[in-house]
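The values are calculated or read from the model by the stated rules, or taken from the named source; none is laboratory data. Because the structure is a prediction, the values reported are computed rather than measured. Ideal geometry is used to build each Cβ from the backbone, glycine not excepted, and the neighbour counts take in all protein chains shown.
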Amino acid sequence: MNNYINYIGLNDNLPINIKYFKEELFDVMCVKKPNAKTICDIVSVSIDCSINSIKLLNTATRTSNEGNKLSGKKLLIELDFSYSIKYTTDSVEKYLYILNSNTTKIIYIVVPTEIDNVPIEDLVRKKKINVQTYIEDLYADIRSPDEVYIRTLLLTNVNIKP
């Protein structure tokens, strides 16, 4: 098994002093097409994350199980992940093949009702909410000759545009 996978798309410069964020692990099973060559060794895994939509939701105002006070406002963020896995087969010729996979995930980030005395609804309506995603870590493993398991550690950060 190849222990030297090249991971492409990881972010080295993560934000500091963040206020509104979510750190999340996502597990994905990438399955090759039936007529594609079987997977022997993974050469590289490339990831791209894009934001599809951002919506503000009204939720209950209460205290969470962890003791945090919930404001009653959450951002629903829909994310698209694109994975590209380069692999070789078990044949004599070590040709390079590509397995592409896409998945959509939804995350929620609790935000305050106001930021700098401006209601969060106004910030969303005026498109002053800036959401950034950072891929902190990737892990890939061949689960069968037809499947690759990928675990993604994602940091999603919310800032307010000036």
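Inspect the stretch 72-84 for any residue being of a type outside the set (A, V, I, L, M, F, W, C) and within 17 Å of Ile5 (Cβ to Cβ) and give the result as yes or no. Within the stretch 72-84, one or more residues are of a type outside the set (A, V, I, L, M, F, W, C) and within 17 Å of Ile5 (Cβ to Cβ).
If only one of Asp90, Asp80 is in contact (Cβ under 8 Å) with a residue 24 or more places away in the chain, surrounded by fewer than 16 Cβ atoms within 10 Å (Cβ to Cβ) and over 26 Å from the mean Cα position of the chain (by Cα), which one is it?
Numbers: Asp80 fails: over 26 Å from the mean Cα position of the chain (by Cα).
Of the residues listed, the single one that is in contact (Cβ under 8 Å) with a residue 24 or more places away in the chain, surrounded by fewer than 16 Cβ atoms within 10 Å (Cβ to Cβ) and over 26 Å from the mean Cα position of the chain (by Cα) is Asp90.
Applying the condition of being at pLDDT 90 or above and part of a loop (DSSP other than H, G, I, E, B) to the stretch 90-118 and asking which residue is nearest to Ile42 (Cα to Cα) yields Val111. Glu23 passes all but one of (1) more than 16 Å from Tyr83 (Cα to Cα); (2) among the charged types (D, E, K, R); (3) more than 15 Å from the chain's Cα centre (by Cα); which number fails? In the conditions (1) more than 16 Å from Tyr83 (Cα to Cα); (2) among the charged types (D, E, K, R); (3) more than 15 Å from the chain's Cα centre (by Cα), Glu23 misses (3) alone. When the stretch 119-132 is limited to residues that are touching a residue at least 40 places away in the same chain (Cβ under 8 Å) and not in a strand (DSSP E or B), the one that is surrounded by the most Cβ atoms within 10 Å (Cβ to Cβ) turns out to be Ile120.
From the residues in the stretch 36-55 that are hydrophobic (A, V, I, L, M, F, W, C) and buried (at least 16 other Cβ atoms within 10 Å of the Cβ), which one is farthest from Ile120 (Cα to Cα)? So that I can check it myself, show each step before the final result.
In the first step, residues of the stretch 36-55 are kept if they are hydrophobic (A, V, I, L, M, F, W, C); the result is 36, 39-40, 42-43, 45, 47, 49, 51, 54.
Retained after the next criterion (residues that are buried (at least 16 other Cβ atoms within 10 Å of the Cβ)): 39-40, 42-43, 45, 47, 49, 54.
Values: Ile39: 48, Cys40: 50, Ile42: 45, Val43: 45, Val45: 38, Ile47: 31, Cys49: 25, Ile54: 13 Å.
Per the criteria, the residue is Cys40.
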